[in-house]
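Only the coordinates and a few stated rules stand behind these numbers; no lab work does. Fair warning: this is a prediction, and the values are worked out from it, not measured in the lab. Ideal geometry is used to build each Cβ from the backbone, glycine not excepted, and the neighbour counts take in all protein chains shown.
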Amino acid sequence: MIVRLSELKPGQEGIIKEFNSNDIFLKLMEMGCVPGERILMEQIAPLGDPISVNVAGYHLSLRINEAEHILVELNN
């Protein structure tokens, strides 16, 4: 199942499939968010923004509006 990264709950993980916005594509690629990479939702801030993820061995904080552009295939 393909979902937006912003829809994951803490502890869920998946594989990055693609980005649906060219505007944020380069920024995400520079941070290690590349298609085929495993990504784990670690935490969501109390007010829902930002989120903390683990990708390529790094801990990243992303704004929810950035996470909405990352499409992830959930691991079952």
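GLU42: of a type in the set (Asp, Glu), surrounded by 13 or more Cβ atoms within 10 Å (Cβ to Cβ) and either under 10 Å from HIS69 (Cβ atoms) or out of contact with any Lys or Arg (no Cβ under 9 Å at 6 or more places or on another chain) (or both), yes or no? Yes, satisfied. The set of residues in the range 7-28 that are surrounded by fewer than 16 Cβ atoms within 10 Å (Cβ to Cβ), closer than 22 Å to ASN75 by Cβ and of a type outside the set (S, T, N, Q) comprises GLU7, LYS9, PRO10, GLY11, ILE15, LYS17, GLU18.
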